[in-house]
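To start, the structure itself, in structure tokens.
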Ligand code: B12
């Protein structure tokens, strides 16, 4: 459980660019055994969504948002590394963004969450061409491909990438997430088989429990 006071302290530290204070708050939560999922969702995601709203209302600058993004990027990695777990039945997930998709914190968070559950992961990150993603899939043969799409203008790129993967690997399990598909836009995935839209880490946890026994 993350108190409102801890969240507000973290948000203010983030907006101040005070990385050391942010680390201190995260360390305290980890010491109190707050889960990776909770830190990711109720501290990092909540803060970035709030910063997005402030940015829209010009209550914080693009510079403040960029600094916050960089701090969160480091912290996602930090929490994932400090919670790494090993499993005997290791599976591999390849998590990527799309060509011209520059939002990568969601994809990194999903990767960190999977790592904390003991999965092997390949985090590809932002702005990568479909042909390079295909090369990686051929080479690594992941159990699951995760695709993150935040900007709605990239939906056609998302559909094209899924089409490409399915032509070569019809059975490939694909999970898709990100705000581009919010508000009913995930309907566009219904024509593909074994492609699942997942809105956040809670949904991912449920999905993995049902399909991969976590
Ligand atoms: C930081 C930020 C940026 C940074 C990103 C830097 C980086 N390294 O990631 C920069 C400055 C590059 C940026 C640029 C732009 N941005 Co921006 N950005 C944001 C902001 C403030 C935070 C994003 C974030 O990190 N959120 C936190 C993460 C953890 O949340 P998340 O991505 O939703 O991820 C969760 C779930 O969605 C899901 N999920 C995500 N991916 C995946 C993948 C899988 C496989 C699964 C299972 C689940 C999953 O699980 C995650 C954890 O729960 C958001 C505001 C917001 N509401 O998020 C706007 C926002 C995403 N941006 C937006 C826009 C419009 C833009 C720009 C067009 C702005 C501009 N005019 O230039 C450009 C587009 C760039 C591009 N082509 O990609 C819009 C997108 C609207 C839409 N849906 O299309 C938002 C929502 C702001 C808004 N309200 O208008 N942005």
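Output the relative contact order of region 1-147, whole-number percent, from Cα pairs under 8 angstrom with separation of 6+ residues.
22
With contacts defined as alpha carbon pairs under 8 Å and 6 or more residues apart, what's the relative contact order of region 60-163 in percent?
Here the relative contact order equals 32 percent.
At the listed q of 0.09, 0.10 Å⁻¹, the Debye profile of the chain, built from one uniform point per Cα, gives log10 I(q)/I(0) equal to -0.36, -0.44.
Result for the chain in a Gaussian network model with C-alpha springs under 10 Å: among 114, 105, 92, the largest mean-square fluctuation is at 92. Report the Rg/Rh value for region 39-134, based on alpha-carbon coordinates and the Kirkwood definition of Rh. Radius of gyration relative to Kirkwood radius: 1.03. Between region 35-66 and region 112-162, the C-alpha centres lie 23 angstrom from each other. Assuming a viscosity of 0.890 mPa s and a temperature of 25 °C, what translational diffusion coefficient in µm² per second does Stokes-Einstein assign to region 4-82, Rh being the Kirkwood radius over Cα pairs? So the translational diffusion coefficient is about 197 µm²/s. Here is how the number arises for the chain: DSSP H runs of 4 or more residues each give -39500 (n - 2.57), the sum is divided by the residue count, and the result at 222 nm is -16000 deg cm²/dmol.
Return the single residue from 44, 123, 113 with maximal mean-square fluctuation; model: Gaussian network over the chain, springs between Cα atoms under 10 Å. Fluctuation is largest for 123. Over all orientations, region 92-211 has a Cα convex hull whose mean projected area works out to 6.5 square nanometres.
Across region 118-174 the C-alpha pair distances fall into 5 Å bins from zero in the proportions 4, 16, 32, 27, 15, 6, 1 percent.
FYI, it's all coordinate maths here, none of it is from the lab. Keep in mind it's a predicted model, so treat the numbers as computed, not measured.
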